[in-house]
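Undergrad: This is the structure I have questions about; it appears just below.
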Amino acid sequence: MSQKVVINTDIKKGTINKNIYGHFAEHLGRCIYEGFWVGEDSSMDHTNGIRNDVVAALKNLNIPVLRWPGGCFADEYHWKDGVGPRENRKRMVNTHWGGVVENNHFGTHEFMMLCEMLETEPYICGNVGSGTVQEMSEWIEYMTFDGESPMANWRQENGREKSWDLKYFGVGNENWGCGGNMRPEFYADLYRQYQTYVRNYGENKLYKIAGGANVDDFNWTETLMREASWLMDGLSLHYYTIPGDFFKGKGSALDTSEKEWYITMQKALHMDELITKHSTIMDKYDPEKRVGLIIDEWGTWFDVEPGTNPGFLYQQNTIRDSLVAGLHFHIFHKHSERVQMANIAQTVNVLQAMILTEGEKMILTPTYHVFEMFKVHQDAVKVDIDVSSHSYELNGEEIPAVSVSASTKNNQIHISFCHLDDKQSTSIKMDVRGLGKELGEVTGRILTADHKNAHNTFENPEHVTPVAYDDFTVNDHQIELRLPPMSVGVLTIG
Ligand code: AHR
């Protein structure tokens, strides 16, 4: 069956904020420790304690922004425990994630160094749940004040002369749950109080992000916007794609039934409805769309790999994850006027990771490859698109079988596509209008697999990897693509 896509390259729809390709790294399982930080005494290849292989791989994604230190960990984190000589830093219990010892060896200085190595913007999440107003205020002073003050002096004693540039700051995380089990009215008042002391020092101008809703808690968004919208730059939203039940069994990452495949796609597509509904509420209080909707946690969440610590949230990553990622990007593009940032959970070894490590070994996941192929959309201009897709059906339910998005940058057009059906191949007729000239050279890359559980392992690290794609014909201004089942890719025109 064929589907029709019309792309009006001369109708521009605004810029796709590169920050929707953002990341999230929490003190959880083996994300920070082992994933990034191996310590200065490690025999592994590192720079000042940070793994060089992981940094090199991530640099290839042009990561625009990295959120840290949590997540639930953020509302238990006391930043002063993580500065100064490492041997003196407090050893504490990571109560949220596995009850393991947190030795605080990776703290503010190490995180800022990582961001410098990745050439990425830091996004720091502060502690509202168990921290004080003073503590949050002093963290900002420590990081961003360049004059003489107790915190700036302490930073200098700890080896950093100049203040850091810090733009993105979150005032708490999931304060409806692990961040304090608050009611929205109570958190809105705390947000107003805490953010007052989150100061702009010198030229440093903070973009303040209020802790937002869980999934479809529209009352949370309504309350926060009503009570505090003029005091925030962004409001967050968290939504994970979970094929099963969060408490009774989320489903296996590797052993996917036909039904679970379908439900995963259906639930990934649900992000569109959630953004539409939260945005509609935001529009009421902020019709100019000044306040960004910040999807600072998204991605698949499956049962942990058998035999691993349940508190470490380690899961494998298959071709299914790559389609979830592609669909999310297309949804974020669609809502780019409101969605100013998104951060996949999480970068290394946790949930829908880009990278998995085992000792010195490292593999790139199918999700990594989608971030890499789709990076052409970062800060590109979205162009108008109309997609008529046939349905992908299962047990009397249906969702669109294909999703397509297009943008233009540097005189090139990039068209990304996702084909969700796990069994049937399909074809798409693309009508590329408004170029004022013939199409010229069209090239493509695709990520696909012959099995819905296909993934990369330490023994076979390139089993799922992008390949050149040329199964299409170009005729005048039309491109006809033949797509295998379970495929995601990008065409480049020009
Ligand atoms: O990403 C894992 C956890 O999911 C985060 O710590 C928390 O914010 C969310 O519930």
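The values are calculated or read from the model by the stated rules, or taken from the named source; none is laboratory data. Worth saying up front: this structure is predicted, and the values here are computed from it rather than measured. In this analysis, Cβ positions are derived from the backbone assuming ideal geometry, glycine residues included, and neighbour counts consider all displayed protein chains. We work out accessible area using only protein heavy atoms, side chains counted, and drop any ligands, DNA or RNA first. Shrake-Rupley method; radii C 1.70, N 1.55, O 1.52, S 1.80 Å.
Undergrad: How far apart, in nanometres, would the label points at residue 443 and residue 87 be if each is projected 7 angstrom from Cα along the Cα-to-Cβ direction?
TA: Placing both labels 7 Å along Cα→Cβ, they lie 5.4 nm apart.
Undergrad: Something else now. With the calculation restricted to Cα positions, what are the radius of gyration and Dmax of region 98-236 in angstrom?
TA: 15.8, 46
Undergrad: If exposed chymotrypsin sites (Phe, Trp or Tyr not before Pro) are those in a DSSP loop with at most 16 other Cβ within 10 Å, what is the longest stretch of the chain that has none? Show your work: numbers first, answer last.
TA: Values: sites that count: 197, 246, 247, 458.
Between exposed loop sites, the widest span is 248-457.
Undergrad: Using θ = phi - 60° and the Karplus curve 6.51 cos²θ - 1.76 cosθ + 1.60, what whole-Hz ³J(HN,Hα) does each residue of region 407-415 get, with Gly and Pro shown as x?
TA: After applying 6.51 cos²θ - 1.76 cosθ + 1.60, I find 8, 10, 7, 6, 6, 10, 10, 10, 10 Hz.
Undergrad: So, R0 is 25 Å and r is the distance between the beta-carbons of residue 158 and residue 196; what FRET efficiency does that work out to, to 0.05?
TA: Values: r = 27 Å, r/R0 = 1.07.
Computed FRET efficiency for residue 158 and residue 196 comes out at 0.40.
Undergrad: Now a separate question. Can you tell me the orientation of helix 133-144 relative to the chain, as the angle in degrees between its alpha-carbon axis and the longest Cα principal axis, to the nearest 10?
TA: In the chain, helix 133-144 runs at an angle near 70 degrees to the longest axis.
Undergrad: Considering only Cα-Cα distances, which of the following residue pairs are longer than 29 Å: 248/452; 12/375; 4/382; 18/80; 250/284; 80/289?
TA: Details: 248/452 23 Å; 12/375 19 Å; 4/382 19 Å; 18/80 32 Å; 250/284 35 Å; 80/289 36 Å.
Pairs exceeding 29 Å: 18/80; 250/284; 80/289.
Undergrad: For region 154-278, what does the accessible surface come to per residue with a 1.4 Å probe? Please give it in Å². Before the final figure, lay out each step's value.
TA: Details: 5450 Å² over 125 residues.
Using a 1.4 Å probe on heavy atoms only, each residue of region 154-278 averages 44 Å².
Undergrad: Quick one: accessible area per residue over region 1-144, 1.4 Å probe, rounded to a whole number of Å²? All intermediate terms of the calculation are to be shown ahead of the outcome.
TA: Working: 5030 Å² over 144 residues.
Per residue, region 1-144 has 35 Å² of solvent-accessible surface.
Undergrad: Where Rh denotes the Kirkwood radius from the mean inverse Cα pair distance, what is Rg over Rh for region 389-494?
TA: So for region 389-494, dividing Rg by the Kirkwood Rh gives 1.02.
Undergrad: Which angle between 0 and 90 degrees, to the nearest 10, do you get for helix 258-285 versus the longest principal axis of the chain when only C-alpha atoms count?
TA: Taking Cα atoms only, the helix is inclined about 60 degrees.
Undergrad: Using C-alpha positions alone, give me the convex hull volume of the chain per residue in cubic angstrom. Numbers along the way, then the final one.
TA: Numbers: hull volume 71.6 nm³, N = 494.
Measuring per residue, one finds 145 Å³ for the Cα hull of the chain.
Undergrad: Where the eigenvalues come from the Cα gyration tensor of region 322-374, what are the semi-axes √(5λ) of the equivalent ellipsoid, largest first, in whole Å? Can you show the working numbers first?
TA: Details: eigenvalues 123, 24, 11 Å².
Output for region 322-374: semi-axes of 25, 11, 8 Å.
Undergrad: Give, rounded to the nearest 20 debye, the magnitude of the charge dipole that region 178-314 has about its Cα centre when Lys and Arg contribute +1 at Cβ and Asp and Glu contribute -1 at Cβ.
TA: Details: 14 positive and 21 negative charges, 87 e Å.
Here the size comes out at about 420 debye.
Undergrad: Further question on the same structure: Below 14 angstrom from the Cβ of residue 44, what's the summed charge of the other residues (Lys, Arg +1; Asp, Glu -1)? Can you show the working numbers first?
TA: Working: positive: 30, 51, 361; negative: 34, 40, 41, 45, 53, 358, 360.
After counting each charged neighbour, the total is -4.
Undergrad: Another question about this same structure. Would you give the gap between the C-alpha center of region 233-251 and the C-alpha center of region 16-49, rounded to a whole Å?
TA: With region 233-251 and region 16-49 each reduced to a Cα centre, they are spaced 23 Å.
Undergrad: What whole-number volume per residue, in cubic angstrom, does the convex hull of the C-alpha atoms of region 1-157 give? Working shown, then result.
TA: On the way: hull volume 31.2 nm³, N = 157.
Measuring per residue, one finds 199 Å³ for the Cα hull of region 1-157.
Undergrad: Under the classification rounded if a/c is under 1.5, otherwise prolate if a/b is larger than b/c and oblate if not, where does region 292-445 fall, given a ≥ b ≥ c as square roots of the Cα gyration tensor eigenvalues? Working shown, then result.
TA: Working: a/c = 1.95, a/b = 1.57, b/c = 1.24.
Cα axes put region 292-445 in the prolate bin.
Undergrad: Something else: What's the whole-number percent of alpha carbon pairs in region 16-103 lying beyond 19 angstrom? Each step should come with its number before you reach the end.
TA: Values: 1830 of 3828 pairs.
Summing the P(r) tail past 19 Å for region 16-103 gives 48 percent.
Undergrad: For region 180-234, which trypsin sites (Lys or Arg not before Pro) are both in a DSSP coil and crowded by at most 14 other Cβ atoms within 10 Å? Spell out each step's value before the answer.
TA: On the way: sites: 192, 199, 205, 208, 226; in loops: 199, 205.
Answer in residue order: 199, 205.
Undergrad: Any chance you could check the Cα centroid distance between region 359-427 and region 112-188 for me, in angstrom?
TA: What the calculation gives is 35 Å, centre to centre.
Undergrad: Relative to the longest principal Cα axis of the chain, at what angle does helix 184-196 sit, 0 to 90 degrees, rounded to 10?
TA: Result, in degrees: 60.
Undergrad: Moving on to the next point. With the dipole of the chain worked out from charges on the C-beta (+1 for Lys and Arg, -1 for Asp and Glu) around the Cα centre, which of 210, 302, 247 lies farthest toward the positive end?
TA: Towards the positive end, the residue furthest out is 210.
Undergrad: Can you check how the C-alpha radius of gyration of region 222-342 compares to 2.2 N^0.38 Å, as a plain ratio? Walk me through the numbers on the way to the answer.
TA: Values: Rg = 16.4 Å, N = 121, 2.2 N^0.38 = 13.6 Å.
Working it through for region 222-342, the quotient is 1.20.
Undergrad: If you don't mind, another one. Treat each spin label as a single point 7 Å out from the Cα along the C-beta direction, and report the residue 189 to residue 217 distance in nm.
TA: My value for the distance between the label points is 1.8 nm.
Undergrad: Which of the GluC sites (Glu not before Pro) across region 138-189 are loop residues per DSSP, with 10 or fewer other Cβ within 10 Å? The partial results should precede the final answer.
TA: On the way: sites: 138, 141, 148, 157, 161, 174, 185; in loops: 148, 161, 174.
Passing both the DSSP loop test and the Cβ count: 148, 161.
Undergrad: Quick check: net charge around residue 360, other residues with Cβ under 13 Å of its Cβ, Lys/Arg +1 and Asp/Glu -1? Present the calculation step by step, with values, prior to reporting the outcome.
TA: Values: positive: 51, 361; negative: 34, 45, 53, 358.
Summing Lys and Arg as +1 and Asp and Glu as -1 gives -2.
Undergrad: Treating only the Cβ of Lys, Arg, Asp and Glu as charged (+1, +1, -1, -1), what charge dipole size does the chain show about its Cα centre? Round to the nearest 20 debye. Please report the intermediate quantities before stating the final value.
TA: Numbers: 45 positive and 69 negative charges, 148 e Å.
Charge dipole, the chain, about its Cα centre: 720 debye, nearest 20.
Undergrad: Which whole-number percent of Cα pairs in region 43-90 have a distance greater than 16 Å? It would help to have the intermediate numbers written out before the result.
TA: On the way: 705 of 1128 pairs.
Tail fraction, whole percent: 62.
Undergrad: Would you calculate the volume per residue, in Å³, of the smallest convex hull containing every Cα atom of region 364-426? If you can, show how the numbers build up before the last one.
TA: Numbers: hull volume 7.4 nm³, N = 63.
That works out to 118 Å³ per residue.
Undergrad: Tally up the carbon and sulfur contribution to the accessible surface of the chain as a whole percent, 1.4 Å probe, everything protein left in place.
TA: Details: 8890 of 18910 Å².
Percent of accessible area from carbon and sulfur atoms in the chain: 47.
Undergrad: Separate question: What's the extension gain from residue 246 to residue 358 if we count 0.36 nm per residue and subtract their Cα-Cα distance?
TA: Net length gain for the segment: 37.6 nm.
Undergrad: Taking the Cβ of residue 427 as the centre, find all other residues whose Cβ is under 14 Å away and add up their charges (Lys, Arg: +1; Asp, Glu: -1). Could you put the intermediate results ahead of the total?
TA: Numbers: positive: 4, 429, 482; negative: 421, 431, 471, 480.
Net of charged neighbours comes to -1.
Undergrad: Quickly work out the residue 451-to-residue 386 label distance, labels modelled 7 Å from Cα along the C-beta direction, and quote it in nm with one decimal.
TA: According to this spin-label approximation, the distance is 4.3 nm.
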